[in-house]
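K.L.:
Handing you this structure, nothing more for now.
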2 protein chains.
Amino acid sequence: SAASHMAEGSSSKLKEFPHLSGSHRALMADLIGAIEDRLEDRLLPCVLPPDVEYYRNQSGTSEGALLVRSGSPDSSINFILASWLHSQLPTGASLNIASLSAYLRPSTDAPNFLIEFIQSSPTSLILILDLPPRKDPVLNPDYLQLFYEDTRLDSYRKTIEELPETRPYVMSSLYFRSLVSPTSIISRVDTESGGPERMEEIIKNHIGPVARDVLRVWLNECACKEREVGMVERVDLEQRDELVKKKTIDIDLGSSLPRLFGQEIADRVVAAIQQVFEA
Amino acid sequence: SAASHMAEGSSSKLKEFPHLSGSHRALMADLIGAIEDRLEDRLLPCVLPPDVEYYRNQSGTSEGALLVRSGSPDSSINFILASWLHSQLPTGASLNIASLSAYLRPSTDAPNFLIEFIQSSPTSLILILDLPPRKDPVLNPDYLQLFYEDTRLDSYRKTIEELPETRPYVMSSLYFRSLVSPTSIISRVDTESGGPERMEEIIKNHIGPVARDVLRVWLNECACKEREVGMVERVDLEQRDELVKKKTIDIDLGSSLPRLFGQEIADRVVAAIQQVFEA
């Protein structure tokens with residue numbers, strides 16, 4: 001049908017990442033491919049309306065694309081969400097945000113997956129890469145041991161930390177700071193002296209391998225392993241998951257989208273994401 | 001009596017901080033004084049055995065002192081604990097650790113207080129300053145708002161972060177990383193080029209004012225404010241507090257004390273702390 005054809009067309013728009021550099025685009029395509037290939041039999045097709053799969057403001061200075069695939073109801077996958085945003089800033093620079101996240105259902109307590117790139121110039125990048133925990137690690141040291149110590153996730157954090165061009169980045173939201181794991185990679189990469197070529201190299205040879213490895217850990221140890229979750233625990237997980245999704249929309253999208261796209265488009269996109277989050 | 005005289009003598013040993021620099025000693029004395037003055041009518045005397053209030057190894061290369069005052073049973077104060085450690089390392093350098101912490105009872109859910117200095121040379125310092133939360137901030141955004149946003153604690157973190165000699169320090173224990181708040185100050189200060197004088201200046205003019213302010217926030221907003229805590233919540237707090245204290249002993253003291261003082265002294269000191277933690 002025309003509708004499904006349109007949807008397919010704009011969905012592939014997400015995977016184009018038209019404003020990213022070569023190695024950055026290749027990495028995003030790789031990560032989305034890895035997650036879709038591995039979870040294919042558990043993912044439903046993207047059913048976002050075309051004007052949410054791809055959207056832009058009137059003047060054409062800001063555009064964005066979204067891909068959301070819910071997990072089949074009997075799977076442990078809640079949904080995967082990929083997105084990009086591009087905006088020409090009044091300063092002449094442009095802002096590019098690209099992200100991929102995956103949320104699990106309360107039938108497992110395993111961590112979620114998140115990678116986000118925020119780029120405000122070809123030589124400056126903020127990287128957020130984490131398996132956000134779904135339980136309080138302080139109350140659950142075994143959880144910390146299983147998903148973060150035994151998986152040696154901290155070695156990936158160290159790899160990125162040791163690059164001379166990176167330094168730790170502190171997110172402005174205290175809630176997001178609380179949400180991430182103790183092995184989260186939250187770094188600012190600046191390659192002013194090495195130029196955009198050095199940024200390409202860092203994404204290709206350093207961030208890329210780490211991101212692929214962390215995603216593989218998530219796929220193997222979180223998404224594709226059965227976990228015993230008791231009834232009480234399940235209720236706790238449901239409550240926490242819901243709160244996290246609500247706060248994520250409030251803090252993240254609630255403020256940036258209206259600023260970049262105007263209230264009408266922002267409302268439409270946020271409503272579509274909310275629908276997925278609450279399903 | 002002779003026993004109380006000995007106890008008094010060694011208790012003042014703690015407050016001497018004989019191995020710290022002038023401004024560092026003054027700051028520690030100041031902080032302990034501020035907490036004792038404000039909470040005086042709620043604190044019991046220190047009842048540690050003299051050989052735990054002050055202890056040293058056979059060869060005299062390592063010594064330490066401890067001061068613990070429990071809160072009166074009807075108060076919200078569980079205990080305050082001050083300590084220092086000094087050890088001559090085989091490398092010729094010496095290690096100095098000085099700390100002050102305060103734990104509240106489950107009659108309130110307010111955060112605890114913690115400051116710790118780890119110094120391995122006169123120009124190198126690790127500073128940990130925090131109000132560790134006693135509830136999962138992800139599940140309790142109001143808690144985050146009340147104790148961390150409204151108190152503007154992040155401004156103190158920024159003040160320290162902006163010093164040219166500081167950079168973020170990452171603790172090796174994932175559990176401790178999870179334990180601290182999103183406004184925790186965990187920094188390494190290096191003044192190799194400015195020498196020990198610059199370290200003195202940083203402690204006196206930058207760390208000192210911040211530490212005093214954060215302690216004041218803790219005293220005003222956490223230790224001295226009534227909180228409504230329901231029965232179920234109280235049981236949760238008790239469970240979490242106990243686990244945190246147990247893990248803190250295991251991770252922190254369980255490994256470092258035997259190494260510095262031998263197993264016998266370490267066992268004696270750890271047992272005394274355990275008794276306070278479990279009381």
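K.L.:
Taking region B:144-153, which residues are assigned to a helix (DSSP H, G or I) and either more than 11 Å from chain A (Cβ to nearest Cβ) or buried (at least 20 other Cβ atoms within 10 Å of the Cβ) (or both)?
P.N.:
Of the residues in region B:144-153, the ones assigned to a helix (DSSP H, G or I) are B:144-149, B:153.
B:144, B:146, B:147, B:148, B:153, listed by residue number.
K.L.:
A further question follows. Based on what the data block shows, is residue B:93 modelled with pLDDT of 95 or more, more than 14 Å from chain A (Cβ to nearest Cβ), in contact with a strand residue (DSSP E or B) (Cβ under 9 Å, 6 or more places away or on another chain) and open to solvent by less than 40 Å² (accessible area, probe 1.4 Å)?
P.N.:
no
K.L.:
Go through region A:117-132 residue by residue and tally those that are open to solvent by less than 10 Å² (accessible area, probe 1.4 Å) and not in a strand (DSSP E or B). I'd like the intermediate steps shown before the answer.
P.N.:
The initial filter retains those residues of region A:117-132 that are open to solvent by less than 10 Å² (accessible area, probe 1.4 Å), namely A:117, A:125, A:127, A:129-131.
Filter once more, keeping what is not in a strand (DSSP E or B): A:131.
Of the residues in region A:117-132, 1 are open to solvent by less than 10 Å² (accessible area, probe 1.4 Å) and not in a strand (DSSP E or B).
K.L.:
Also: Considering only residues that are hydroxyl-bearing (Ser, Thr, Tyr) and in contact with a strand residue (DSSP E or B) (Cβ under 7 Å, 6 or more places away or on another chain), look in region B:181-211 and name the one that is nearest to residue B:145 (Cα to Cα).
P.N.:
The selected residue is B:181.
K.L.:
What are the pairs with Cβ atoms under 6 angstrom where one residue, in region A:259-270, is on the phi > 0 side of the Ramachandran plot and the other, located anywhere, is among the aromatic types (Phe, Trp, Tyr) and open to solvent by less than 20 Å² (accessible area, probe 1.4 Å)? Sequence gap at least six, or different chains.
P.N.:
Close Cβ pairs (under 6 Å, with a partner that is among the aromatic types (Phe, Trp, Tyr) and open to solvent by less than 20 Å² (accessible area, probe 1.4 Å)) do not exist here.
K.L.:
Quick check on region A:155-167: of everything there that is over 19 Å from the mean Cα position of the chain (by Cα) and within 23 Å of residue A:138 (Cβ to Cβ), which residue is nearest to the other protein chains (Cβ to nearest Cβ)? Before you say what the answer is, go through the steps one by one.
P.N.:
Restricting attention to region A:155-167, the residues satisfying the condition of being over 19 Å from the mean Cα position of the chain (by Cα) are A:155, A:158-159, A:161-167.
Remaining after also requiring within 23 Å of residue A:138 (Cβ to Cβ): A:155, A:158.
Details: A:155: 12, A:158: 9 Å.
Step by step, filter region A:155-167, then rank; the result is A:158.
K.L.:
Of the residues A:163, A:139, only one is free of Cβ contacts under 8 Å to residues at least 60 places away in the same chain, under 25 Å from residue A:22 (Cα atoms), out of contact with any Ser or Thr (no Cβ under 7 Å at 6 or more places or on another chain) and not in a strand (DSSP E or B); which? Walk me through how you get there before you give the answer.
P.N.:
On the way: A:139 fails: under 25 Å from residue A:22 (Cα atoms).
So the residue among A:163, A:139 that is free of Cβ contacts under 8 Å to residues at least 60 places away in the same chain, under 25 Å from residue A:22 (Cα atoms), out of contact with any Ser or Thr (no Cβ under 7 Å at 6 or more places or on another chain) and not in a strand (DSSP E or B) is A:163.
K.L.:
I've got another one for you. Between a first residue in region A:108-123 that is at pLDDT 95 or above and β-branched (Val, Ile, Thr) and a second residue that is in a loop (DSSP other than H, G, I, E, B) and open to solvent by 10 Å² or more (accessible area, probe 1.4 Å), which pairs have beta carbons less than 8 Å apart while being 6 or more apart in sequence or on different chains?
P.N.:
A:108/A:76; A:108/A:225; A:108/A:226; A:108/A:227; A:108/A:229; A:123/A:192; A:123/A:194
K.L.:
Moving on. Checking residue A:23 against (1) open to solvent by 10 Å² or more (accessible area, probe 1.4 Å); (2) under 18 Å from residue A:79 (Cα atoms), only one condition comes out false. Which one?
P.N.:
(2)
K.L.:
Only one of (1) open to solvent by 40 Å² or more (accessible area, probe 1.4 Å); (2) out of contact with any strand residue (DSSP E or B) (no Cβ under 9 Å at 6 or more places or on another chain); (3) at pLDDT 95 or above is not met by residue B:165, so which one is it?
P.N.:
(2)
K.L.:
For residue B:17, only one of the following conditions fails: (1) in contact with a strand residue (DSSP E or B) (Cβ under 6 Å, 6 or more places away or on another chain); (2) open to solvent by 60 Å² or more (accessible area, probe 1.4 Å). What is its number?
P.N.:
Status for residue B:17: all satisfied but (2).
K.L.:
Within region B:41-58, can you find the residues that are of a type outside the set (A, V, I, L, M) and either open to solvent by less than 70 Å² (accessible area, probe 1.4 Å) or farther than 15 Å from residue B:82 by Cα (or both)?
P.N.:
First pass over region B:41-58, keeping only residues of a type outside the set (A, V, I, L, M): B:41-42, B:45-46, B:49-51, B:53-58.
Selection gives B:41, B:42, B:46, B:49, B:50, B:51, B:53, B:54, B:55, B:56, B:57, B:58.
K.L.:
Residues of region B:191-220 being open to solvent by 50 Å² or more (accessible area, probe 1.4 Å) and touching a Leu at 6+ places or on another chain (Cβ under 8 Å), which ones?
P.N.:
B:204, B:206, B:212
K.L.:
Tell me which of these residue B:156 doesn't satisfy, since it passes every other one: (1) over 19 Å from residue B:96 (Cβ atoms); (2) in a loop (DSSP other than H, G, I, E, B).
P.N.:
Of everything listed in (1) over 19 Å from residue B:96 (Cβ atoms); (2) in a loop (DSSP other than H, G, I, E, B), residue B:156 misses just condition (2).
K.L.:
Just give me the residues in region A:59-74 being under 22 Å from residue A:225 (Cα atoms) and open to solvent by less than 50 Å² (accessible area, probe 1.4 Å), in sequence order.
P.N.:
We begin by selecting, within region A:59-74, every residue under 22 Å from residue A:225 (Cα atoms); these are A:69-74.
The answer is A:69, A:70, A:71, A:72.
K.L.:
Right, something else. Output the number of residues of region A:31-61 satisfying the condition of being small (Gly, Ala, Ser) and at pLDDT 95 or above. Walk me through it before giving the result.
P.N.:
Step one: list which residues in region A:31-61 are small (Gly, Ala, Ser), which gives A:33-34, A:59-60.
Narrowing further to those that are at pLDDT 95 or above: A:33-34.
Matching residues across region A:31-61 total 2.
The values are calculated or read from the model by the stated rules, or taken from the named source; none is laboratory data. All of these numbers come straight from a predicted model, not from anything done at the bench. Don't worry about glycine lacking a Cβ; one is built from the backbone with ideal geometry, like all the others, and counts go over all protein chains shown. These area figures cover heavy atoms from the full protein model, side chains too; ligands, DNA and RNA do not enter into them. Shrake-Rupley method; radii C 1.70, N 1.55, O 1.52, S 1.80 Å.
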